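Data block below; observations after.
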């Protein structure tokens, strides 16, 4: 995989817990489907998706973006990033990989797989 500006922007927004940047990256009618360690979730609409994604790491003391990559796969965008997380002295690694449809430069669908928090 290569660097991709849209993938990098999404990874930076997630790591930064930046709901303004997240909202700017998705369509009004975005659909999120995610397979998380706690089970699958679905959210519809910008407000719900931004609230869900923006809350994933809200309790962490730090969230550092270790790497991000992306590439076009025909009409889709593949996004992958790794985060290092810390809370009260405990550290975790977390990776997320998403396949997204793009509409007018914004994410219209996000199908995401999360590794969960892996203690390091």
message: Need the failing condition index for residue 6 against (1) at pLDDT 95 or above; (2) in a helix (DSSP H, G or I); (3) surrounded by fewer than 18 Cβ atoms within 10 Å (Cβ to Cβ), just the number.
response: (1)
- prompt: Any residue at all in segment 109-118 that is touching a strand residue (DSSP E or B) at 6+ places or on another chain (Cβ under 9 Å) and assigned to a helix (DSSP H, G or I)?
  reply: no
message: Within segment 27-46, does at least one residue satisfy the condition of being in a helix (DSSP H, G or I) and surrounded by 13 or more Cβ atoms within 10 Å (Cβ to Cβ)?
response: yes
query: Can you name the condition, by its number, that residue 51 falls short on among (1) within 17 Å of residue 100 (Cα to Cα); (2) surrounded by fewer than 20 Cβ atoms within 10 Å (Cβ to Cβ); (3) within 13 Å of the chain's Cα centre (by Cα)?
result: (1)
- request: Specify which of the listed residues (98, 13) is farther than 19 Å from residue 120 by Cβ, at pLDDT 95 or above, part of a strand (DSSP E or B) and under 12 Å from the mean Cα position of the chain (by Cα).
  value: 98
Odd one out for residue 78, checked against (1) buried (at least 18 other Cβ atoms within 10 Å of the Cβ); (2) in contact with a helix residue (DSSP H, G or I) (Cβ under 8 Å, 6 or more places away or on another chain); (3) assigned to a strand (DSSP E or B): (1)
query: What are the residue pairs meeting all of these: first residue in segment 91-120, first residue touching a residue at least 12 places away in the same chain (Cβ under 8 Å) and on the phi > 0 side of the Ramachandran plot, second residue exposed (fewer than 15 other Cβ atoms within 10 Å of the Cβ) and part of a loop (DSSP other than H, G, I, E, B), Cβ atoms under 8 Å, and 6 or more apart or on different chains?
result: 116/37
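The values are calculated or read from the model by the stated rules, or taken from the named source; none is laboratory data. As the structure is a computational prediction, the values presented were derived from the model and not from experiment. Quick reminder, even Gly has a Cβ in these numbers, built from the backbone with ideal geometry, and neighbours come from all protein chains shown.
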